[in-house]
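Colleague: Quick one: this structure, given as structure tokens, is what I'll be asking you about.
The values are calculated or read from the model by the stated rules, or taken from the named source; none is laboratory data. Note that the structure is predicted; figures quoted are calculated from it, not measured. Positions of Cβ are backbone-derived with ideal geometry, glycine not excepted, and every protein chain shown enters the neighbour counts. All accessible areas refer to the heavy atoms of the entire protein, side chains included, with ligands and DNA or RNA removed. Shrake-Rupley method; radii C 1.70, N 1.55, O 1.52, S 1.80 Å.
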Amino acid sequence: NPVNGPDTNICNQPKLLDGTPLPDKCCAPKSSSDIIDYKPPPFTKLRVRPAAHKADKEYIAKYNEALSMMKGLDDTDPRSFKQQADVHCAYCNYGYDQDGYPGVELQVHFNWLFFPFHRWYLYFYERILGKLIGDPDFAIPFWNWDHPDGMTMPAMFTSDPNSDLYDVNRSPKHQPPYGLDLEYNKDNLCKPPKPYKQLVEDNLATMYRQMVSGASQQLLFFGGEYKGGEEPVNQMGTIESTPHNNIHVWSGSEKNPNGEDMGNFYSAGRDPMFYALHGNVDRMWSIWKSLPGKNNRDITDCDWLNSTFLFYDENAQLVRVRVGDCLDTEKLGYVYEQVDLPWLNYKP
Ligand code: C2O
């Protein structure tokens, strides 16, 4: 059976992955109208998501304006920044049960729902922002962390503390020009930073391993099977485990008890940089499918294709989306700016 999520009648007290309960519930507000089965609407022009480090002033000002409007919405509006951030808490910190299986937790990490869940999440986040500024072509940026030019926190998020793209709950140590280590973990805290050249070479080797040599089988890349009625499994795909998790921990503040914001699922969506991190995760899915390996294609198991999630769209309508409807970004109306892939032939 597919995983259907969530049961909107149940809102659990969320908890950290180690089971520690979190103080505040984070489920989406109840909908007063019926849930609609979502069909991506027609569009005239593809949105092109730019690499964050290459975005110009005009683009940054536009994103800033859109975010400021989103932050200005009432906290109870499902399109507000507060509610957008809480989507991640509810789906990732056990706020929800699977629809049809009361008491069975819903989890979109550590399994094959990781890529499609986050794709739909960003899709609505982007559409809401575009609608707020009246720009149907607005596209969110991606943090190009697989390219040497993108291996720092992108300047648009860090350079102006008064910007809506800024977040004070980030690692003070890892501000630009400090280089991003794609294999960072807490043990690195006490080690001297690697020389930049070494860091870049190691990062490219990591990308080659996670995208090519280590991702030659579908489920190695996507993550393990997770079906309706089953308790969540713990089989992360290659990109989810590294570098995705490492970038979360590297970005969050080591001064906060749970690495807030980026260093913990429940708080990660409060940092605008989160959506840029995930833009590149999403881009990796598209790139992986374009690589020549015979297994580099989407899963065909109907239980995966028919799994569903609920989101509020840009009109605050609650909609049900299907994994099988998000496989092709062009059908969803967006693509990524083309950037070269220096890791592609980077065999260690
Ligand atoms: Cu839902 Cu980056 O995690």
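Colleague: Would you please name the residue that is most open to solvent (accessible area, probe 1.4 Å), looking only at residues in region 1-23 that are touching a Pro at 6+ places or on another chain (Cβ under 8 Å) and assigned to a loop (DSSP other than H, G, I, E, B)?
Modeller: Among residues in region 1-23 that are touching a Pro at 6+ places or on another chain (Cβ under 8 Å) and assigned to a loop (DSSP other than H, G, I, E, B), the one most open to solvent (accessible area, probe 1.4 Å) is GLN13.
Colleague: Restricting region 228-245 to residues that are within 13 Å of the ligand (Cβ to nearest atom) and among the small types (Gly, Ala, Ser), which is nearest to TYR275 (Cα to Cα)?
Modeller: Step by step, filter region 228-245, then rank; the result is SER241.
Colleague: I would also like to ask the following. Whether any residue in region 101-113 is more than 19 Å from LYS227 (Cβ to Cβ) and either in contact with a Gly (Cβ under 9 Å, 6 or more places away or on another chain) or not acidic (Asp, Glu) (or both) is what I want to check.
Modeller: No, the conditions are met nowhere in region 101-113.
Colleague: Can you pull out every residue in region 203-245 that is open to solvent by less than 40 Å² (accessible area, probe 1.4 Å) and acidic (Asp, Glu)?
Modeller: The one that is open to solvent by less than 40 Å² (accessible area, probe 1.4 Å) and acidic (Asp, Glu): GLU240.
Colleague: Right, here's the next one. Mind checking whether some residue in region 91-104 is in a loop (DSSP other than H, G, I, E, B), more than 16 Å from the ligand (Cβ to nearest atom), open to solvent by less than 10 Å² (accessible area, probe 1.4 Å) and at pLDDT 95 or above?
Modeller: Yes; the residues of region 91-104 include at least one that is in a loop (DSSP other than H, G, I, E, B), more than 16 Å from the ligand (Cβ to nearest atom), open to solvent by less than 10 Å² (accessible area, probe 1.4 Å) and at pLDDT 95 or above.
Colleague: Kindly indicate the residue of region 208-235 that is of a type in the set (A, V, I, L, M, F, W, C) and in a loop (DSSP other than H, G, I, E, B) and also modelled with the lowest pLDDT among those meeting that condition.
Modeller: Selected residue: VAL233.
Colleague: Taking region 53-84 as the region of interest, how many residues are open to solvent by 80 Å² or more (accessible area, probe 1.4 Å) and in contact with a helix residue (DSSP H, G or I) (Cβ under 6 Å, 6 or more places away or on another chain)?
Modeller: Residues in region 53-84 being open to solvent by 80 Å² or more (accessible area, probe 1.4 Å) and in contact with a helix residue (DSSP H, G or I) (Cβ under 6 Å, 6 or more places away or on another chain): 1 in total.
Colleague: Hey, any hits in region 246-265 for a residue that's open to solvent by less than 40 Å² (accessible area, probe 1.4 Å), in contact with a Pro (Cβ under 8 Å, 6 or more places away or on another chain), within 16 Å of the ligand (Cβ to nearest atom) and under 22 Å from ALA90 (Cα atoms)?
Modeller: No: region 246-265 contains no residue that is open to solvent by less than 40 Å² (accessible area, probe 1.4 Å), in contact with a Pro (Cβ under 8 Å, 6 or more places away or on another chain), within 16 Å of the ligand (Cβ to nearest atom) and under 22 Å from ALA90 (Cα atoms).
Colleague: Could you grab the pairs with beta carbons closer than 8 Å, sequence gap of 6+ or different chains, first residue in region 218-234 and of a type in the set (Val, Ile, Thr), second one open to solvent by 10 Å² or more (accessible area, probe 1.4 Å)?
Modeller: VAL233/PHE110; VAL233/GLU225
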